[in-house]
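In what follows, a structure is listed as structure tokens, so that the remarks can point back to it.
The values are calculated or read from the model by the stated rules, or taken from the named source; none is laboratory data. Values in this document were obtained by computation on a predicted structure and should not be read as measured data. We place every Cβ from the backbone using ideal geometry, glycine too, and count neighbours over all the protein chains shown.
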Amino acid sequence: MIENNSGFMIEAYGLAKLFGSHAALRSVDLKVGKGECVAILGPNGAGKTTLIKVLATLAKTSGGKVRLAGFDIAKNAVQIRRQIGVVSHQTFLYDNLTAYENLKFYGKMYDVPDLEERIFEVIEQVRLTTRIHDLVRVFSRGMQQRLSIARAILHDPPILLLDEPETGLDQRSTAMLSELLKKLIAGNRTVLMTTHNLEWCLELGNRVMVLDRGRITYEETGHNLGLVELRENYNRHTGVAS
């Protein structure tokens, strides 16, 4: 383990990711402190999902240095996976298992202590207690996303990586997810979240960044921004027409 003297839970220096000749990430510098929530905006194809995949050890870097919780991503991928919870477009749930069985499977994989108690604790947090013994395949998209958050926090990781967690949700499910994320962020977890939702950026993020064509093109603290100003800056730094 690299001694984490920097105070940052997520660090990237000159991070690059190539797919053949295409540069999905170009010299990205990123620092996220303990208990901080950073929201990253960007158009489709900006590199948001690639960034999350690299930080989650699901894709290898093509250049630069990355550390999570003091661990070097190039040398300590296994240790890093125990420090992170990941929520993405893919739920990583098994449709033919119940919610309880899914959580038990992942809990055993992470050697979660007092697993039975922890399963019921996280299932209550995501408001699925009455559906705990239902098969995941009968869940709505919103319910599956809430269960995927329960899966992601089951081993109580200090870092959450969220890749557009609101995608495909209706307004009610999005509001429920927003309230859940607020509670998780208030619990002193470090959160890095990609999203298309400008309101979420201001509601949840301590800092807002814009990623465009693989580069961080804009950064500001959330409390310094209003929705109109954020939209204007987003448009300006992505070339999107106002």
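Quick notes on this structure:
- Taking each residue of the stretch 80-96 that is buried (at least 20 other Cβ atoms within 10 Å of the Cβ) and looking for partners that are of a type in the set (Lys, Arg) and in a loop (DSSP other than H, G, I, E, B) with beta-carbon atoms closer than 9 Å, six or more apart or interchain, yields GLY85/ARG189.
Listed here are the residues, each with its yes/no results for (1) at pLDDT 90 or above; (2) within 27 Å of GLY14 (Cα to Cα).
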| site | (1), (2) |
| --- | --- |
| THR194 | yes, yes |
| GLY205 | no, yes |
| TYR234 | no, yes |
| SER242 | no, no |
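- Residue-level check: of (1) in a strand (DSSP E or B); (2) basic (Lys, Arg); (3) without any contact (Cβ under 8 Å) to a residue 60 or more places away in the chain; (4) out of contact with any Asp or Glu (no Cβ under 6 Å at 6 or more places or on another chain), ARG26 misses just (3).
- Taking each residue of the stretch 111-123 that is assigned to a loop (DSSP other than H, G, I, E, B) and looking for partners that are not aromatic (Phe, Trp, Tyr) with beta-carbon atoms closer than 7 Å, six or more apart or interchain, yields VAL112/ARG118; VAL112/LEU154; VAL112/HIS155.
- Residues of the stretch 37-57 that turn out to be among the hydroxyl-bearing types (Ser, Thr, Tyr) and either in contact with a helix residue (DSSP H, G or I) (Cβ under 6 Å, 6 or more places away or on another chain) or closer than 12 Å to VAL86 by Cβ (or both), as a count: 2
For (1) over 16 Å from the mean Cα position of the chain (by Cα); (2) touching a residue at least 40 places away in the same chain (Cβ under 8 Å); (3) loosely packed, with under 14 Cβ neighbours inside 10 Å, each residue gets a yes or a no:
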| position | (1), (2), (3) |
| --- | --- |
| HIS133 | yes, no, yes |
| GLN145 | no, yes, no |
| THR167 | no, yes, no |
| SER173 | yes, no, no |
| LEU177 | no, no, no |
| GLY205 | no, yes, no |
| ILE216 | yes, yes, no |
| GLY226 | yes, no, yes |
| ASN235 | yes, no, yes |
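- Hey, ASN233 out of contact with any Ser or Thr (no Cβ under 9 Å at 6 or more places or on another chain) and part of a loop (DSSP other than H, G, I, E, B) or not: no
- Within the stretch 140-158, tally of residues that are touching a Leu at 6+ places or on another chain (Cβ under 7 Å) and not in a helix (DSSP H, G or I): 1
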